[in-house]
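Structure, as structure tokens:
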Amino acid sequence: MLATPGVSQIEGSGGGGLVPWAQLAGYATEDEVSASAFCSRAKVDDFQLDVCGVQINLFDRVEFSYAEQEFDVDPLSLELKQRIFGTKFRLFGDLIYTPWPQVSLGIQHKFLDTEDVAFALGAEEDQGTDVYLAASKLHLGAAFGYNLLWNVTVRHSKANEMGLLGFGGPDKGRPLHAEASAAILLNKHFAIGMEYRQKPDNLGLEEDDWQDLFVAWFPNKHVSLTAAYLDLGAIAAVEDQTGWYVSLTGYL
């Protein structure tokens, strides 16, 4: 099925836009290697995030990813930059062919290249590592005859706004965060769904949880296009940040 590998997540991993899923990027089977590349833009009222990255899937067992993020703070005419190196290991299960879900372990190591703002706000570090465990499952014909996909992710992280505002801080926010996604596959080319991502609050700046509503189009095995409505709440004490997201992924 064209939609089974998901799309590209804003930190570089295969999955949804906001949440990494257990699926590995691309269409590689157990005896194949695949590569993909993506670019995305998220635009809300006072901020813009541009991300480009690449992913490699080795034999549907290991995923390597790299992403560069540029975060524009419009009211202050600032640009923050971050690099993210990711690895994801498929542990057990299968999205379709086993009764239990596919489960994967992921690691994302993040380097904030513009750390002055983060340190001024009280962040402790300019780099950090997120570790997450994701489970995904596709149920054929489970939603009024349509295929239903769900994903649950548990993440350990000290990243403030994904790391764009550094790592850690004086308030010692929750270290474990829940993330979830659900999608209905309308046919082999289109999927609609929603995502939710908990956030820490290490800096005491009312770091709200994120959510989106998305539609993804998979015309063939070489390209996918995703568009979404975003509700990111407050970012760096700037409230009511809503807007749109678009992402294009190409597969080899």
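Does Asp130 satisfy being among the charged types (D, E, K, R), touching a strand residue (DSSP E or B) at 6+ places or on another chain (Cβ under 8 Å) and closer than 30 Å to Thr114 by Cβ? Give the steps one after another, and end with the answer.
On the way: among the charged types (D, E, K, R): yes; touching a strand residue (DSSP E or B) at 6+ places or on another chain (Cβ under 8 Å): yes; closer than 30 Å to Thr114 by Cβ: yes.
It is true that Asp130 is among the charged types (D, E, K, R), touching a strand residue (DSSP E or B) at 6+ places or on another chain (Cβ under 8 Å) and closer than 30 Å to Thr114 by Cβ.
Where in the stretch 13-130 are there strands (runs of 3 or more DSSP E), lying fully within it, with 3 or more residues that are surrounded by fewer than 17 Cβ atoms within 10 Å (Cβ to Cβ) and small (Gly, Ala, Ser)?
none
So which residues in the stretch 168-192 are surrounded by fewer than 23 Cβ atoms within 10 Å (Cβ to Cβ) and under 26 Å from Trp244 (Cα atoms)?
His177, Ala178, Ala180, Ala182, Ile184, Leu186, Asn187, Lys188, His189, Phe190, Ile192
With respect to Phe218, is the statement that it is open to solvent by 70 Å² or more (accessible area, probe 1.4 Å), under 23 Å from Ser36 (Cβ atoms) and in contact with a Phe, Trp or Tyr (Cβ under 9 Å, 6 or more places away or on another chain) true? Full working, then the answer.
On the way: open to solvent by 70 Å² or more (accessible area, probe 1.4 Å): no; under 23 Å from Ser36 (Cβ atoms): yes; in contact with a Phe, Trp or Tyr (Cβ under 9 Å, 6 or more places away or on another chain): yes.
For Phe218, the condition - open to solvent by 70 Å² or more (accessible area, probe 1.4 Å), under 23 Å from Ser36 (Cβ atoms) and in contact with a Phe, Trp or Tyr (Cβ under 9 Å, 6 or more places away or on another chain) - is not met.
Since Asp201 meets every condition but one in (1) under 14 Å from the mean Cα position of the chain (by Cα); (2) of a type in the set (Asp, Glu); (3) assigned to a loop (DSSP other than H, G, I, E, B), which condition does it not meet?
So the condition that Asp201 fails would be (1).
Sort out which residues of the stretch 178-188 are more than 17 Å from Leu213 (Cβ to Cβ) and modelled with pLDDT of 95 or more, and write them in order of number. Steps first, answer last, please.
Step one: list which residues in the stretch 178-188 are more than 17 Å from Leu213 (Cβ to Cβ), which gives 178, 187-188.
Ala178, the sole residue that qualifies.
Taking the condition of a type outside the set (D, E, K, R), open to solvent by less than 60 Å² (accessible area, probe 1.4 Å) and within 22 Å of Gln82 (Cα to Cα), does Leu232 pass?
Yes: the conditions hold for Leu232.
The values are calculated or read from the model by the stated rules, or taken from the named source; none is laboratory data. Quick caveat, the model's predicted, so the values are computed rather than measured. Methodologically, a virtual Cβ is constructed for each residue, glycine included, from the backbone with ideal geometry; neighbour enumeration extends over all protein chains shown. Just the protein is used for accessible areas: all its heavy atoms, side chains included, with ligands, DNA and RNA removed. Shrake-Rupley method; radii C 1.70, N 1.55, O 1.52, S 1.80 Å.
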